[in-house]
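Enquirer: Dropping the structure in here first, questions after.
What follows is calculated from the coordinates using simple rules that are stated; it is not laboratory data. All of these numbers come straight from a predicted model, not from anything done at the bench. All Cβ positions, glycine included, derive from the backbone under ideal geometry; neighbour counts span all protein chains shown.
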Amino acid sequence: MERQGFSTRVIHTKYAKKDVHNALQMPIYSNAAFEFDTAEQMEDAFLGRSPDHAYSRISNPTVENFEQRIRSITGALGVTAVSSGMAAISNVFFTIAKSGDNIVTSRYLFGNTYSFLTSTLQAFGVETKFCDLTNSKEVANAIDEKTIAIFFETVTNPQLEIADIASLSKVAKEQGVLLIADSTLTPPNIFVASKFGVDIEIISSTKMITGGATSMGGLVLDYGQFDWSKFTKLSDLAQRFGPYTFNAKLRKEIFRNLGACLSPYHAYLQSLGLETLSLRFDKAASNTLLLAEYLQTEAKIAKVNYPGLKTSRFYEVGKSQFGNYPGAILTFNFNRREECFEFLNKLKLISRASNIYDNRSLIIHPASTIFGDYSPEKRTEMGVSDTLIRLSVGIEDFEDLKNDIHSALI
Ligand SMILES: *Cc1c(COP(=O)(O)O)cnc(C)c1O
């Protein structure tokens, strides 16, 4: 049989066990523990010799079904669903890092990821080295004998910078370090991480996957392509687990000990969201391109940034990695900060809110909110100007979004 398409695979992923009532949609198993008929079966489950569930912090049928759907659309070897995108990030780094190691990344990072790396991990003796990830020479130079990974976001937020992933992967392979991607802005219907040599992928499923910002969730995907026998912290485990080494360390230790399991209710909501992901993304992304083109015609707007615009510096690299629509977020600049506030206050339809990839369009002035605690110098370093507005475009009708913006500009 030919390989099925994205939505077909999401919708028709088989249950691990047939539902006793033949429910067509995976029910919510909201329970902590599972009973065993015999002590032998209990032993098998605890020792991982059977796929039976024992305790929901470790595995749960509703969560497992969500993980299996993600596996079937991405081809990942291991998928672990966790309680938020940040839980996915912390679980990954606690799995691979030890004191003395360092991570090479960019300053253009999701705010809490930046804080996690430079404060939380730093306190455990793990350093972060920043460089320009769009310059592979700089990346190669930043790597030293203590580097364990290159970490990048597929489209950075709010700078909307796109690195060439194949060149990052080449550097990572030459130097024997992991390539880790946060692909939250480019969901799995447009970005196939395994094609670009990504070893571990992180997604905040709170965003496009939920289908309307209904719940928090995160995903860790491991593609099983890395040779763990050469990775100091996990080389012993590698003798036993081979390509499953990362997954074994994560599932059998870190994930259990940190306790950031996904709630079955949220797994249910996110499984539903996944079924319509492709439809919703297409609508939001085509709205984004139309709005970016329209915004360029408005005299009060100084600059429009969307990597799907042919004039963008990242147009070609974006197209080759994500197709015609590199995400559904655009930014634009006014000439003065006051104009940003005036404009935001006049909007009637678009919501003034944080978050991205809701069904509704969300707008924010990053410098005074998400980046408000940083000094102006630090914000400049992070590529966040005082005149910048970020718009996460929803699935509303384009004309209505355009009219709302136009009215607020008069
Ligand atoms: C939102 C987000 C996160 C964190 O996800 P949460 O689910 O809010 O914890 C991480 N990375 C990126 C790129 C994000 O947009």
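Enquirer: On a 0 to 90° scale, report how tilted helix 61-74 is relative to the longest principal axis of the chain, with both axes built from alpha carbons and the result rounded to the nearest 10.
Expert: Roughly 60 degrees, rounded to the nearest 10.
Enquirer: While we're looking at this one, here's another question. Provide the convex hull volume over Cα atoms per residue for segment 278-409, in Å³.
Expert: With only Cα atoms used, segment 278-409 gives 107 Å³ per residue.
Enquirer: If you take every DSSP beta bridge fully contained in the chain, what fraction is antiparallel? Give it as a percent rounded to 5.
Expert: The antiparallel fraction comes to roughly 60 percent.
Enquirer: Angle check, please: helix 398-409 long axis (alpha carbons) against the longest principal axis of the chain (alpha carbons), in degrees 0 to 90, nearest 10.
Expert: Taking the Cα atoms of the chain, the angle to 398-409 is about 50 degrees.
Enquirer: Next question, about the same structure. Tell me the relative contact order for segment 278-409 as a rounded percent, counting alpha carbon contacts under 8 Å between residues six or more apart.
Expert: With pairs under 8 Å counted, the relative contact order is 29 percent.
Enquirer: Related question: Just report the Cα centroid separation between segment 325-348 and segment 1-70, whole Å.
Expert: Segment 325-348 and segment 1-70 have Cα centres separated by 44 Å.
Enquirer: Which of the trypsin sites (Lys or Arg not before Pro) found in segment 1-33 are loop residues per DSSP with 12 or fewer other Cβ atoms within 10 Å of their Cβ?
Expert: Loop-located and lightly packed - ARG3, LYS14, LYS17, LYS18.
Enquirer: Additional query: So, in nm, how far is label LYS98 from label ASN324 when the simple model puts each one 7 Å beyond its Cα toward the Cβ?
Expert: Between LYS98 and ASN324, the simple spin-label model gives 5.0 nm.
Enquirer: Counting only C-alpha contacts under 8 Å and six or more residues apart, can you give the relative contact order of segment 161-274 as a whole percent?
Expert: Relative contact order here is 22 percent.
Enquirer: Please tell me the relative contact order of the chain in percent, rounded to the nearest whole number, where contacts are Cα pairs under 8 Å and at least six residues apart.
Expert: 16
Enquirer: Also, I was wondering about something else. Which residue fluctuates most in the GNM of the chain (Cα springs below 10 Å): SER204, SER194, SER119?
Expert: Evaluated over the chain, the most mobile residue of the options is SER119.
Enquirer: Name the GluC sites (Glu not before Pro) in segment 1-105 that are in a loop by DSSP and that have at most 10 other C-beta atoms within 10 Å, would you?
Expert: GLU2, GLU35
Enquirer: For the chain, what is the mean residue ellipticity at 222 nm derived from helices alone (per DSSP H run of n ≥ 4: -39500 (n - 2.57); sum divided by total residues; nearest 500 deg cm²/dmol)?
Expert: It lands at -10000 deg cm²/dmol.
Enquirer: Further, regarding this structure: Would you mind counting up the charge near ARG57? Only other residues with Cβ under 14 Å from its Cβ, with Lys and Arg at +1 and Asp and Glu at -1.
Expert: Neighbourhood net charge equals +1.
Enquirer: Measuring from label point to label point, each 7 Å out along Cα→Cβ, what is the GLN122 to ASN335 span in nm?
Expert: 3.9
Enquirer: Using alpha carbons only, how many degrees (0 to 90, rounded to 10) separate the axis of helix 337-346 from the longest principal axis of the chain?
Expert: 80
Enquirer: Could I ask something else about it? List the extent of the Cα atoms of the chain along each of their three principal axes, largest first, rounded to whole Å.
Expert: 74, 54, 42
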